[in-house]
Amino acid sequence: MKFATVGAGWIVDAFIAATKVVDPPLEHAAVYSFNQAEADAFAARHGVSQIYTDLDALGSSDVDAVYVANPNALHYPTAKKLLEHGKNVLCEKTSVVTSAQLQQLYDIADRNGVVFLEAIKSLYSPQAVQLTQALEKLGTVHYAKFDFCRFSSKYPAFMAGERPNIFNPAFAAGGLMDMGIYCVYPAVYFFGLPTRVNADAVFLSTGADVSGSALLGYGDLQVEISWSKGATSGHDSVIMGDRGTLHIDTMEYFGDSWIDFTDGTREQVISWDPAIHSMQYEAALLASLVGDREEFNPTYQAMRTCTRATISLMERIRSQAGIYFPESCYAVHDLS
C-alpha cells in the first residue's frame, strides 16, 4: 500500500516508523505540506520524492491512503478534500470538532468506496481486547478513573510569550482535544455513552484549556477522567470492581496492566514490550481495509460506531466545561 503524509510534526515521524514494522511494510510515497520549504525538508529526511503543496494534486496522485496529522481545525477540511478524491484517510485524533462533520466524512467515504478512520492507537491494539476480557474478572464495577496528564514540550514556549498551535483555540486545540480524548475513547469503548456528564476545565490566557476533569455517570457506575498538558501525573488509571481492581499504566497505549484481587493475589494482564510500536496496529488496519474492505468491514464499522459516540461525548464535555473554539472550527463546508 502506498501512502502519503500530511503534516511534519513528530507524530508523523512516529507513524512512518510504525509503517515499517507492519508486515508487509507500507510504502511512504508522498509528502504534503502547505509550506514548500517544510515539505521539501520533511521529504528529504524520509527519502520521499513526491512532494505536494496542493491537496487537489495530492488527491490526484497514485497513493492509496493518506495519514493526516496537521492541526485539529484543519483535519475535517483536509480529510474531506482527500475523501472526495477517493483516498482512504487515517486522521489523527481529535479528527473533527462536531458530529455533523464526522457524519459528512463517513458519507463521502461511503460514496467513494474508501474508509475514514480516526487514529486512536490504543483501541486498535490487541491490548484493548485483553483489557476487555480482564473486565469480566472484576465482578461488579462501580468506579473507574482514567488519567492522562503530561507536561507539554510546547509549554515553555507559551510561558515565554509565544502562542503554540496546541494552546491556540483557533486550531481547535487544548488539553481535552489532545490528551483528554485518550480517556474519553476508552470510557465509551468499555462502558458506552453515559447518561450524565459533569465537566470543568482550567484555561490559559490564550483561551485554550490546559487541564480539566469530567465525571461520567452510568447509573450504578461512575467514570472520572482527568487531563493536563501543564503537568505530568503518574498515569495509573483504574477500573474498580468488587472482586478486584484493574490498573492500567497509561491510557496512551495501554501499557503494563494488572489486576489486584480482593483476596490479595495479583494477575498480570499486559506486560508491555518496549519493542512494540504502539502505532503499528492502526497502520496495519488501514492497510488491511485498503487490501480487503469486505473482510475487515466488521472491525471498521465497530470503530465507526465507537468514534461517533466519542465525538458526541467530546461535544458534551466541551459544552459542560466551557471549552469553545472560533465559529470556523464548527463549519461544515468545502475546503477553499
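The values are calculated or read from the model by the stated rules, or taken from the named source; none is laboratory data. Given the structure is predicted, the values throughout are model-derived calculations rather than measurements. A quick note on method: Cβ atoms are made from the backbone with ideal geometry, for glycine too, and the neighbour counts reach across all protein chains shown. Only protein heavy atoms, including side chains, enter the accessible area calculation; ligands, DNA and RNA are left aside. Shrake-Rupley method; radii C 1.70, N 1.55, O 1.52, S 1.80 Å.
Candidates are the residues of region 116-148 that are in a loop (DSSP other than H, G, I, E, B) and touching a Lys or Arg at 6+ places or on another chain (Cβ under 7 Å); the one that is most open to solvent (accessible area, probe 1.4 Å) is 137. In region 272-281, the condition of being at pLDDT 95 or above and touching a strand residue (DSSP E or B) at 6+ places or on another chain (Cβ under 7 Å) is met by no residue. Every condition in (1) open to solvent by 30 Å² or more (accessible area, probe 1.4 Å); (2) modelled with pLDDT of 95 or more is met by residue 285 except one, and the failing one is (1). Which residues, taken from region 297-336, are touching a Ser or Thr at 6+ places or on another chain (Cβ under 9 Å) and charged (D, E, K, R)? Across region 297-336, the qualifying residues are 308, 315.
So, in region 88-100, exactly how many residues are more than 16 Å from the chain's Cα centre (by Cα) and surrounded by fewer than 22 Cβ atoms within 10 Å (Cβ to Cβ)?
Keep residues of region 88-100 that are more than 16 Å from the chain's Cα centre (by Cα), which gives 88, 100.
After this cut, where a residue has to be surrounded by fewer than 22 Cβ atoms within 10 Å (Cβ to Cβ) as well, the list is 100.
So the answer is 1.
Here is the figure for region 18-72: residues that are among the charged types (D, E, K, R) and more than 29 Å from residue 167 (Cα to Cα) total 6.
Screening residue 250 on (1) in contact (Cβ under 8 Å) with a residue 40 or more places away in the chain; (2) within 19 Å of the chain's Cα centre (by Cα); (3) surrounded by fewer than 20 Cβ atoms within 10 Å (Cβ to Cβ); (4) in a loop (DSSP other than H, G, I, E, B) shows it passes everything except condition (3).
Take the residues in region 253-271 that are part of a strand (DSSP E or B) and either modelled with pLDDT under 95 or touching a helix residue (DSSP H, G or I) at 6+ places or on another chain (Cβ under 7 Å) (or both), then tell me which one is nearest to residue 146 (Cα to Cα). Reasoning before the result, please.
The initial filter retains those residues of region 253-271 that are part of a strand (DSSP E or B), namely 257-261, 266-270.
Right, trim to either modelled with pLDDT under 95 or touching a helix residue (DSSP H, G or I) at 6+ places or on another chain (Cβ under 7 Å) (or both) and you get 257, 259, 269-270.
Details: 257: 13, 259: 15, 269: 17, 270: 17 Å.
Among those that are part of a strand (DSSP E or B) and either modelled with pLDDT under 95 or touching a helix residue (DSSP H, G or I) at 6+ places or on another chain (Cβ under 7 Å) (or both), it is 257.
Filtering 214, 208 for residues that are at pLDDT 95 or above, surrounded by 21 or more Cβ atoms within 10 Å (Cβ to Cβ) and touching a Gly at 6+ places or on another chain (Cβ under 6 Å) leaves a single hit, 208.
When residues of region 272-313 are filtered for being part of a helix (DSSP H, G or I), out of contact with any Gly (no Cβ under 9 Å at 6 or more places or on another chain) and not polar (S, T, N, Q), how many remain?
Initially, region 272-313 is screened for residues part of a helix (DSSP H, G or I), giving 280-291, 293-313.
Filter once more, so that each one left must be out of contact with any Gly (no Cβ under 9 Å at 6 or more places or on another chain): 280-291, 294-308, 310-313.
Now narrow it down to the ones that are not polar (S, T, N, Q): 281-287, 289-291, 294-296, 298, 300, 302-304, 306, 308, 311, 313.
The number of residues fulfilling the criteria is 22.
Residue 302 meets the conditions (1) farther than 17 Å from residue 120 by Cβ; (2) among the aliphatic types (A, V, I, L, M); (3) open to solvent by 50 Å² or more (accessible area, probe 1.4 Å) in every case but one. The failed one is (1).
Checking each residue of region 316-324 against the condition of being assigned to a loop (DSSP other than H, G, I, E, B), out of contact with any Leu (no Cβ under 7 Å at 6 or more places or on another chain), of a type outside the set (A, V, I, L, M) and modelled with pLDDT of 95 or more gives at least one match.
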